[in-house]
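Engineer: This structure is in structure tokens; I'll ask about it shortly.
Please treat every number below as a calculation from the coordinates, not as lab data. None of these values were measured; they are calculated from a predicted model. Here the Cβ is made from the backbone with ideal geometry for all residues, glycine too, and neighbour counts use every protein chain on show.
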Amino acid sequence: MTLGFNLRDTLRNKRDIQAIIQRNDRLEEIIDLINEKYVDSINGNALYDDAITGILSHLDPHTVYIPADKLAEVNEDLEGGFFGIGVEFSIIRDTIQVTSVIENGPAEHAGVETGDQLIKVNDSMVAGTQITSEHIMKLLKGKQHSHVSVTLRQPISGLIKQVPIERDIVPVFSVEAGVMLDSITGFIKINRFSATTYDEFSKALKKLKAQGMKQLLLDLRDNPGGYLDDATMIADEFLDDKKLIVYTKGRRSQRVDYKAGRDGMFETGKLAILVDESSASASEILAGAIQDWDRGVIVGRRTYGKGLVQEQYEMEDGAALRLTIARYYTPSGRSIQRSFANGKEAYQQAFAQRFQNGELTGTDSFALADTSHYYTSRHRLVFGGGGIHPDIYVPYDTSRLSSAFLNMVYSEELKNTLWDYFIRHRDSLRFSSVKDYDKNFKGENDIIKSYLAALKEDYRPLVKMILKEPAQNAYFRLQIRAQLARLLFRDNGYYYINSQKDNVVQRAMQELNNSNSYLEAIGR
């Protein structure tokens, strides 16, 4: 009798196996009937995919089905690497230009240099108007220790060389930059939380501390999240005394607490976390923990509001289902997830609504409406309702939102002009550091002159008119310097230069440099 009662409790919420078979049979029966009787030929696999999509449409926005042919690509960013040759490239005038060679990667060992033009991969010609980045990447990737032959052209001499390369692991870095902005302020940019993020972050943090860092800007803007463990390990470097970082809880999942457990590398210095409307999931976990423990100041705009926990289940055919099993809660008890009660379409349109109602470009009063009240460790008021509300709100810089101006900054003509300038002047662009470059580079006027000459004649007057406006002229020149700095010093160069006109970075630095204001902001 005891065994029977225990079995009853164990199986109370489980469906009868016969019911499962019957439900599977019903779906199989319908698809078999369609295959056998339908007037036109159909794709059975497509019917299954549509059936799965229909089932998942009744669940939350973050439960997703990943087909087998997409799974490896989806997992690459999270795993932190793939097998390839180790170059970054850009398509400029229908030619593949090697813009960066990964340090100690297969291509560097084989003698590939920045500036080389990729002409052929094995016997496949890869120059021409129909070439795409996706096609090139597919050709360059392969199994570890497999071999590929690339034909390269040097842009100045025109010399053609054929280079055999053995494919190996190529890291996909999630820490884009780790650079000192001044003598005491470090800046680290994390673009996602992958399996290697914590190790990358630790190396960057140690390097900055060795350079004299006393205060840190951690940039999580546009970071969609990723692995929970890497986010909590980074939080552990800032928090002491086994503090709670986050906890998860679901209908079928018991509460699980994640706590600080080691002596962190940066538990006392001033800290600012930069966030925006695209900071999601693991980014919000990290920002929420720092805010709830009054460890640092959150600067920017309200985060995305993605606080659902997914587990990935592999299917027999190689596909996968990422199924939501729980919710994330900050130490104060806030649920990070915003409501999706009005359906997936309304959920996806939230960004446009926030832009239209002025939340992203004006005051933050819209973000504070109809939210629950919570309190930090020092009894500062914080808000629920989805996402992390910043301690210091910084709107978009609307002076840069003109479509005509953005088209200039990110145009093919400017990209091509900068690349041509880089290739022609490589020997003279020998600067000891990005700070040396920032102080001594004087080539903006030459680049602007070449850029204007490359434009279509009927478009040139509009560009000249835009550049007469002082603020836009100054920012355009800054972007020239920043994009060229990326070619010279990789992302560290870009972010160092760009930070000079980044209103969120500048506001955060202003807060860190004012001790009284900083302490007041975190309730101390």
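Engineer: In the range 380-435, which residues are crowded, with 17+ Cβ neighbours inside 10 Å, part of a loop (DSSP other than H, G, I, E, B) and of a type in the set (Asp, Glu)?
Structural biologist: ASP391
Engineer: Just to be sure, is SER517 on the phi < 0 side of the Ramachandran plot, part of a helix (DSSP H, G or I) and over 25 Å from the mean Cα position of the chain (by Cα)?
Structural biologist: When the stated conditions are applied, SER517 passes them.
Engineer: Considering VAL297, VAL309, which residue is β-branched (Val, Ile, Thr) and over 21 Å from MET509 (Cα atoms)?
Structural biologist: VAL309
Engineer: Just checking, how many residues over the range 463-501 are outside any helix (DSSP H, G or I) and buried (at least 19 other Cβ atoms within 10 Å of the Cβ)?
Structural biologist: Residues in the range 463-501 being outside any helix (DSSP H, G or I) and buried (at least 19 other Cβ atoms within 10 Å of the Cβ): 0 in total.
Engineer: Hey, could you check the range 204-220 for residues that are charged (D, E, K, R) and within 19 Å of ARG490 (Cα to Cα) and say which is farthest from the chain's Cα centre (by Cα)?
Structural biologist: Of everything passing the filter in the range 204-220, LYS207 is farthest from the chain's Cα centre (by Cα).
Engineer: Name the single residue, out of those in the range 174-203 being more than 16 Å from ALA272 (Cα to Cα) and without any contact (Cβ under 8 Å) to a residue 40 or more places away in the chain, that is nearest to the chain's Cα centre (by Cα).
Structural biologist: Only one residue fits best here, namely ASN191.
Engineer: I'd like to verify a number: residues in the range 470-524 that are over 30 Å from VAL172 (Cβ atoms) and among the hydrophobic types (A, V, I, L, M, F, W, C), how many?
Structural biologist: Of the residues in the range 470-524, 7 are over 30 Å from VAL172 (Cβ atoms) and among the hydrophobic types (A, V, I, L, M, F, W, C).
Engineer: Is it the case that ARG322 is charged (D, E, K, R) and in contact with a strand residue (DSSP E or B) (Cβ under 7 Å, 6 or more places away or on another chain)?
Structural biologist: The answer is yes for ARG322.
Engineer: Which of the residues that make up the range 144-198 are small (Gly, Ala, Ser) and either within 17 Å of TYR495 (Cα to Cα) or crowded, with 22+ Cβ neighbours inside 10 Å (or both)?
Structural biologist: SER174, ALA177, GLY178, SER183, GLY186, SER194
Engineer: Moving on to the next point. Here are some conditions: (1) out of contact with any helix residue (DSSP H, G or I) (no Cβ under 9 Å at 6 or more places or on another chain); (2) surrounded by 13 or more Cβ atoms within 10 Å (Cβ to Cβ); (3) among the hydroxyl-bearing types (Ser, Thr, Tyr). THR53 meets all but one. Which one does it not meet?
Structural biologist: Evaluating THR53 over (1) out of contact with any helix residue (DSSP H, G or I) (no Cβ under 9 Å at 6 or more places or on another chain); (2) surrounded by 13 or more Cβ atoms within 10 Å (Cβ to Cβ); (3) among the hydroxyl-bearing types (Ser, Thr, Tyr) leaves (2) as the failure.
Engineer: Just to be sure, is LYS209 closer than 26 Å to ARG507 by Cα and surrounded by fewer than 20 Cβ atoms within 10 Å (Cβ to Cβ)?
Structural biologist: Judged against the criteria, LYS209 is a match.
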